[in-house]
Every structure is written in C-alpha cells, then in structure tokens.
C-alpha cells in the first residue's frame, strides 16, 4: 500500500510540474504598447523579443526592457524566433496578425482602448493568452482600487461646476470627446474644455475659445520628451498659450503615462486629480460619460 501511495504522490508531482510548464510559453511583442503587456506579465526568460522602442523614454517599462532582444515586426523575424505567442497592437502593419496566424503563430491583439473598462479587458485578455491571468487580474484590481479612491475623494456637484481643463501637447494639438485622454480627464474629475470643439477628436487648440473662456488648469502631455522636435509654427509656441501655461496651474504628465491607453494611465489620473484637489474651492463630480 505504501508503495502505491508513493507512486501516486510522484505521479501528482509530475502532473503538477507538467501543468506549470504548459502554462509557461515564449512570447514576443511587435510594438511599444504591446511591449508593456509582455514586460509587465511575462517571465523574463520567456521573452524572446520586444520592439525596438521598448527602451525609449515613452515606454512605461523601459527599464525592464534593458538587455532583452529587440526585434523588427516582420514575419520573417518572428517565424525564425518561433514564439509560442505574439502580442501586438499595430506592430507589423495591417494584416500582420492574420499573416502570422496563417503560419501557425498564435497572436493576441490589443485593441485601441478608449475607456478604462476597455483597458482592463485588454489586460485580462492578454494575461489569459499568456497564461498569466492571475497576475493580470491583480494589476487590474489594483487599478480599479486606485480609481475608486480617486472617485471617493470627489464630491458630488453639478457637472458644470467642475474645474475646466485644457489638454495641451507640444504640437499644439488637443483632445476632444471620444478619445482616451478625454476619459482620463473625466476620471480625474475635470471638465475637458475641448470636448465639443474641433471637427475631429484630435484637433488644434482653439485659441479664440481659450481667450474667451480660460480653463482652470492645464494638462500638458509629452512635454518631457527629449526626442521631440518642436515645429516653430506649432500653436504651443504661441505667446498667448505660453502665457496661459505660465499663469495657470499645470499638470505636466510624463509621456510614459499617456503614450499607451493602458492600465498605468492611472498614474496620470492620480496626478491630475491631485492638482484638481489643490485648486481653491474645487468641486468635482464622479462622471464617466
């Protein structure tokens, strides 16, 4: 009887080891937003390659990417590496995912999220495909908790009473309704002054509207990039806008927090919310429209 018990214990141990090994898989990412999922979830020894931009200043997990192989998002390079899974958002161009799958390479597609719920869904979908659903769920739950803490600090007030914010980029472009940045501003408890301006979700800053109705604060994104080249004709160089940025409270959000519509944007939301709370007599509302 003891002999059979020992055999059974050994069999269970081997089965458990086999199941654990089955969950581990080699993975590659084809663009710097896909890189973030791989760098956050995968075991380092399972990463066969990340994009050439994984270590750039706008990559949230740039430090974790150091020393990892950098690969071009081409079918030839991926087929040579033969990973068990490829993670991509846009890397490789149109149809790259379909092409790789036709050669038997599994691909998980990261969608272009516009809402916080979509960022959570992306994270869990990639985590499940990588066999890292538990880890992905922990990250998602932490994001949800931090977001709940932000909402809890906001008081109920009429939407029009919330502080008004202008999102500014070095190119002079701002963000309207239907964009992830609009959702970020809304989650932080501020009103996006450009929500209904312009003919597209991304459009040049309306200086006339800004002069007639100045915002309460400015959210500046991508101004920290050392690699950026500022066009002399950019609206961000206009003296009126520069004077506004000098006179109003400004939240300079690190580019790494905003470059991808992913879970780590919670850092940006917290920073904007902190500035909002510091405004004299600031009142906000938890709005998610």
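Read-outs: derived from the displayed coordinates by stated rules, not from any lab. Remember, predicted model here, so these are calculated numbers, not experimental data. A quick note on method: Cβ atoms are made from the backbone with ideal geometry, for glycine too, and the neighbour counts reach across all protein chains shown.
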**Message:** With the crude spin-label approximation of a point 7 Å out along Cα→Cβ, what separation in nm comes out for residue 103 versus residue 278?
**Reply:** 5.1 nm
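Based on the alpha-carbon set only, what is the convex hull volume of region 166-224 divided per residue, in Å³?
Working: hull volume 4.7 nm³, N = 59.
Enclosed volume per residue, from the Cα hull, is 80 Å³.
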**Prompt:** Under a no-solvent Debye model with one identical scatterer per Cα of region 157-278, what's log10 I(q)/I(0) at q = 0.17, 0.19, 0.21 Å⁻¹?
**Reply:** -0.82, -1.05, -1.32
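Taking other Cβ within 10 Å of each residue's Cβ, how do 87, 253 sort, fewest first? Write down the numbers at each step before the final one.
On the way: 87 28, 253 24.
Ranking 87, 253 by Cβ neighbours within 10 Å, fewest first, gives 253, 87.
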**Prompt:** Which residues does a label at residue 267 reach in region 185-222, if reach means a backbone N under 19 Å from a point 7 Å past the Cα toward the Cβ?
**Reply:** 185, 187-188, 219-222
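Can you give the Kirkwood hydrodynamic radius for region 26-144, in Å, rounded to one decimal and based on Cα pairs?
Across region 26-144, the inverse of the average 1/r is 14.1 Å.
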**Message:** Calculate log10 I(q)/I(0) of region 84-211 for q = 0.11 Å⁻¹, where I(q) comes from the Debye formula with a single equal point scatterer on each Cα and nothing for solvent.
**Reply:** -0.57
**Projected label distance in nm at residue 135 and residue 242, using a 7 Å step from Cα toward the beta-carbon** = 4.6 nm
**Message:** As an exercise, use a Förster radius of 30 Å and the Cβ-Cβ distance of residue 84 and residue 63 to find the FRET efficiency, rounded to the nearest 0.05.
**Reply:** 0.75
